[in-house]
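Contents: one structure, followed by commentary.
The values are calculated or read from the model by the stated rules, or taken from the named source; none is laboratory data. Remember, predicted model here, so these are calculated numbers, not experimental data. Here the Cβ positions follow ideal geometry from the backbone for every residue, glycine too, while neighbour counts run over all protein chains shown.
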Amino acid sequence: MATMAQRAAMPSARTERRKAESRQRLLDAARQLFIERGYHATRPQDIARAADVGYGTFYLHFADKRECFLAFAEAARTELESVVSAQLAGVEGVEPQLRVLLDALIDYAESNPGVLKAAMTDVSVIASEGEVGASLVERWAEQWAGQIRAGARVGAIHADYDPEVAGHAIVGLIRGAAACGRQRRAALIDTVARFLTRALVPEGAEETAKHHKFIKGKADP
């Protein structure tokens with residue numbers, strides 16, 4: 001038999017579970033609408049209606065549409081990183097890792113049509129008063145910058161690059177190359193992987209680059 005304390009906690013646990021469920025329903029609806037309509041054509045009431053919850057419920061979870069969008073973009077980033085990390089586990093060498101990374105990106109994009117395009121909406125365009133926060137593109141560029149710094153420290157990557165500039169350049173290259181379309185998948189992966197390897201690895205550092213863990217996977221320390 002449940003104690004008084006346990007009985008008192010049960011309604012609270014049930015309430016929290018329902019709150020989490022309604023928030024997820026809102027995020028699922030927002031994801032679909034942001035993909036189909038884009039950020040500007042999607043209204044909070046549209047999201048609430050698609051989630052089959054009251055309009056006021058939206059504001060119990062999100063201060064405004066921008067906050068909801070940022071939650072959607074963060075969820076997409078987490079999903080993608082999980083896919084990429086799993087496929088990178090055990091892979092070493094700059095070029096092999098780049099090939100696996102690109103392959104994983106395309107796999108995710110094909111399995112989740114429109115998600116990355118929608119999630120890459122420029123946060124500065126939708127910013128309200130207050131802190132803007134980092135966009136998905138900026139987060140990726142920062143991660144690339146960190147990888148470049150780590151590679152430069154062990155001699156596998158050019159040390160004379162500005163990591164932030166190089167990080168944004170790499171993200172831009174991958175986004176631009178993706179416009180070639182999935183039907184040219186093999187050419188996209190081969191060209192971008194070789195291009196970036198030649199740009200990143202210094203002459204004479206090929207052997208070091210072959211064994212460098214450029215990008216960490218789930219099973220990597």
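Number of residues in region 41-60 that are over 26 Å from SER111 (Cβ atoms) and out of contact with any Ser or Thr (no Cβ under 7 Å at 6 or more places or on another chain): the value is 10. Restricted to region 117-171, and to residues there that are in contact with a Lys or Arg (Cβ under 6 Å, 6 or more places away or on another chain) and hydrophobic (A, V, I, L, M, F, W, C), the residue that is modelled with the highest pLDDT is LEU136.
For region 175-221, the set of residues classified as at pLDDT below 90, hydrophobic (A, V, I, L, M, F, W, C) and assigned to a helix (DSSP H, G or I) consists of ALA177, ALA178, listed by residue number.
Figure legend. Inter-residue proximity from region 33-57: first residues not assigned by TED's automatic domain parsing to the domain that holds ALA118, second residues β-branched (Val, Ile, Thr), beta-carbon distance below 7 Å, spacing 6+ or different chains. Indicated pairs: LEU33/THR42; LEU33/ILE47; PHE34/THR42; ILE35/VAL115; TYR39/THR121; TYR39/ILE126; ALA48/THR57.
Which of the residues that make up region 82-114 are surrounded by fewer than 16 Cβ atoms within 10 Å (Cβ to Cβ), in a loop (DSSP other than H, G, I, E, B) and under 16 Å from the mean Cα position of the chain (by Cα)? Listed by number, the residues that qualify are PRO113, GLY114.
Of all residues in region 26-58, which are in a helix (DSSP H, G or I) and more than 18 Å from ALA118 (Cβ to Cβ)?
Pass one, region 26-58, residues in a helix (DSSP H, G or I): 26-37, 44-51, 55-58.
Scanning region 26-58 gives GLN45, ALA48, ARG49, TYR55, GLY56, THR57, PHE58.
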